[in-house]
Structures are given as C-alpha cells and as structure tokens.
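The block underneath contains the structure these notes are about, expressed in structure tokens.
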Amino acid sequence: MEEIQNSLETKIKLVAREFLEKSKDKEIQIISHFDTDGISSASIIIRALKRLDKVFSIKIIKSLEEQFICDLPKEKLFIFLDLASGSLDYIANSELKDVFIIDHHEIIQKISENVHIINPELHNKQKISSSGLTYLFCKEIDPKNKELSKIAILGMIGDILEKDISKLNNDILNDGKIKKKRGLLLYPSTRPLNRTLEFSSKPYIPGITGDVEGVKELLKEIGLTPINGKYKSLIELNNEEMEKLVTAIMLRNPKAKHDEMIGNIFLINLFNKLEDARELSAMINACSRLGETNIAIQFCMEISKVKKKAESIHAKYKQFLISGLKFVSETKKIEGKGFVIINAKNIIKDTMIGTITSILSNSPLYEDGTIITAMAYYDGKIKISSRNVGRSGKNVREILNRIIEKIGGEVGGHEFAAGGIISRNKEKEFIDSLQKSFEVELVKI
C-alpha cells in the first residue's frame, strides 16, 4: 500500500515539474467542473497561479462535450480540473498541444502523449477528491500554497470522502488545522436544530425533511424546546439529548445504522468564523448550481462582500431541493426489480437532478443495490444522473456507457455515481434501452 501511495505522490511531483517547464511564456486556460469539488479545485489553482504571476483565464462548465474541446484554441496550455478523464479520445483528436488533467473519475480511454494526468484511478483507485489532488499539485509547485488546504477540505466534503480518510486525505486535513468533533452527521451543526432538520437532505428523513410540523413533533417528542425563541444547535446538545435525537431519527429511518449516523464533524475557520465544513461545501455547491459560479469561487477565496449573497442563494437552493423531492415523491416512475427511472423533464433543473438523485440513493426509500436514474431537460438536451443505493451493486457508469455509446452522447463518473448527456430526441430510445438493460440483467440472475 505504501508503494502505491508513493507512486501517486511521485506522479504529482513529476506532473508539477512538467507544468512549471511547459507553462513558461504560455497563456493558461483553466477548465473546471461546476460542482463543489470543481469549484474548490479552481479556487486553489487560481491562488497558486497568481502567486506564480502567470497569465490565465478560467471557465467553469457543467460537462465536457466534444464540440467544446474541438473549439479550444490550440496555442494555450490547458488545465482540466475534476473532469476530462472520460474525454481522452476527444482531446487526442483535438490537436491540443499541452494538456494537464487533475481528476479522479474513471478512465476507460487511451491517454495520449501530450496529456499529463494526475488521477488516482491509475494508482490503485485511491479515494481522494480532485480538489485534494489539485492542492497537493499546487503545494508541490510552491510550499506556500499549504495555506489553501482548507479549500481542498471543502471539496473533499463535497465529494463525500470525509468517511474514507486515506493517508493523503489525512495529511490535507492536518495541513488545514481544522477542528474535529464527534456528533450526529446532520448539517449545519452550528445552526438552530429545527432548521437543520427541516432542510436535512443527507440523510433524507421521511416525515421530517421539508415538513415544519414534523420537525416540531420530533423535537417535542425528545423533550427539546426553544430557549428565548431559539432551539439549540447540534454541537450544543449534551450526550443524553444527542442520543434521544439519534433514536428518534432512526425510528423514522429504519435503514439507518447508529455507527453510520455518528461521525466526525469538521469545523473550518472561514471569514474569521468557525463553521461546519459540510454547510460551507453545500453553499458553494448551491451557488454554482444556480448559475453563480463567480460567487462560488469568491466565497472560497473569502471575499467578504459575497458572503451574504452566497447565504441567500443557498436558502433559495434548499427550497428548490425540497420542491424537487416533493415532485419525485408524487410523480409516476418506471420501476422494476433493482431499478427506478425518474423523468423530471423540465420540472427539476438539470443542475440539481444529480443532487436529488444522490439524496434519494441515501434515503430509506429503496433497497441497497437499487439503481436510481433521473433525467432533466436543458437546451435541447437531457442531463442523466444515476446512483446506486448503498454504493453497491452493478457498475452504473458501465451501464450508461453501453447505452449512450450506441445512441450518442457523453458519459462520465464513477462506479456507483455516474451521469450523462443525450439529445432530447433520444429520450424514448434511452429510456427503453435502459429499462431493457435492467430487465435483461435480471433474467441473467
């Protein structure tokens, strides 16, 4: 294991050295994904390039499509963050000369000679976020970039890797000088408990999430009442109150396991205030998914004038989430043994369909191994998001890849969390092919 660990670290050193050499007198174009991990990665590299006094520009995108890559100017040096591992064939055909990729998604295509890639999939699939890799890359370029570690932690939390702390992730946590506290894994842990429960999506709590009366009933049940009109926050609960709360939630969520509900709460100092890292990560995600990527990046960089704006966007985003979950609970779905297909069409934003699919996959509504696939319209296309409940079962990326390879489109992601894009006119063909694929697999079993 130590040998594998070193090979990834060695690769980071080699790629950092290559970058410093090849970026001399070259304009740099950063292209990053729009989720928390991508935004955190972009924020880290922006700070590092400014320190090097490099000329660069940045573009945040929802997905990496063939035409976009073909239209890129050939003379620039490109850094792709939190994407591009699934677009290596397009890059090979694009005639781009200098390409650097820092990503952690699956690789199924050949890596061409002009591509310098840092990806743990090439090193025993070590669990680390793109922001973590970007941070280690930037720290290798200049040790002063160690101050950016807390941004990497926000990306790590955004990719739900806080429960899978490898040596590299632990090193990043130590660099960030964050505070850890054991507690119930609801967020934000620093806000009044009634609001935390009402907007809880990870975990999704039936009868509580999005239900003000349900929240009041639960808190009354465990003997918690407001003090001067305000409920305690999670981190203010004593051990007895915490145990009562955990028990009450578990009764409403039979699939939940006590050990899985309790874990490390990471507290980060941002804007000179100690905050729950999961809340900060969710805020970045909300800004970006509602089209405010500039606000998301400035928030990561602690530009104080955007803090109120980010909080306002996050509040709006949470309302959208609750509305989306309500729609999903009421709409007709295509369901079979081990699969669910939800076609939200234009009811749920394409930028939010992945989040809602993730929430459903972490809820008690479906059995482990069930594949949930949701679809949403945008710009004449359809965004597809698939998740495995319990992060177990078939490789959902391979399933999507087999179908979309035939009908045309883009695919990316991981074994248990993947997504794709197809043309709107392929809607019926995709649904029919996906349903048939699941049913054929069932017959084989």
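The values are calculated or read from the model by the stated rules, or taken from the named source; none is laboratory data. Worth saying up front: this structure is predicted, and the values here are computed from it rather than measured. Cβ: placed from backbone, ideal geometry, glycine included. Neighbour counts: every protein chain shown.
Assorted remarks:
- Selected residue (only one of 438, 430 is of a type in the set (Phe, Trp, Tyr) and either within 24 Å of residue 89 (Cβ to Cβ) or buried (at least 23 other Cβ atoms within 10 Å of the Cβ) (or both)): 430
- Selected residue (only one of 230, 273, 220 is within 27 Å of residue 38 (Cα to Cα), among the charged types (D, E, K, R) and loosely packed, with under 13 Cβ neighbours inside 10 Å): 273
- Residue check, residue 302 in a loop (DSSP other than H, G, I, E, B), surrounded by fewer than 16 Cβ atoms within 10 Å (Cβ to Cβ) and of a type in the set (Asp, Glu): yes
Quick grid of which residues meet (1) under 24 Å from residue 178 (Cβ atoms); (2) among the hydroxyl-bearing types (Ser, Thr, Tyr):
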{"site": "233", "(1), (2)": "yes, yes"}
{"site": "236", "(1), (2)": "yes, no"}
{"site": "239", "(1), (2)": "yes, no"}
{"site": "251", "(1), (2)": "no, no"}
{"site": "265", "(1), (2)": "yes, no"}
{"site": "268", "(1), (2)": "yes, no"}
{"site": "277", "(1), (2)": "yes, no"}
{"site": "283", "(1), (2)": "yes, no"}
{"site": "292", "(1), (2)": "no, no"}
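- From the options 263, 223, residue that is outside any helix (DSSP H, G or I), modelled with pLDDT under 90, not assigned by TED's automatic domain parsing to the domain that holds residue 149 and not β-branched (Val, Ile, Thr): 263
- Pairs, first in the same structural domain as residue 434 (by TED's automatic domain parsing) and in a strand (DSSP E or B) in the stretch 365-379, second buried (at least 21 other Cβ atoms within 10 Å of the Cβ) and among the acidic types (Asp, Glu), C-beta under 8 Å, six or more apart: 376/350; 377/350; 378/350
- When residues of the stretch 89-102 are limited to those that are over 16 Å from residue 65 (Cβ atoms) and not β-branched (Val, Ile, Thr), the one modelled with the lowest pLDDT: 95
- Residue in the stretch 183-192 that is part of a loop (DSSP other than H, G, I, E, B), crowded, with 18+ Cβ neighbours inside 10 Å, modelled with pLDDT of 80 or more and out of contact with any helix residue (DSSP H, G or I) (no Cβ under 8 Å at 6 or more places or on another chain) present: no
- The residue list 322, 313, 295, 334 contains one member that is surrounded by 20 or more Cβ atoms within 10 Å (Cβ to Cβ) and either of a type in the set (Ser, Thr, Tyr) or in contact (Cβ under 8 Å) with a residue 24 or more places away in the chain (or both), which is 313.
- Here residue 124 meets each of (1) among the polar types (S, T, N, Q); (2) within 15 Å of residue 41 (Cβ to Cβ); (3) surrounded by fewer than 24 Cβ atoms within 10 Å (Cβ to Cβ) with one exception, condition (2).
- Residue within the stretch 390-399 that is among the aliphatic types (A, V, I, L, M), within 24 Å of residue 285 (Cβ to Cβ) and not assigned by TED's automatic domain parsing to the domain that holds residue 68 present: yes
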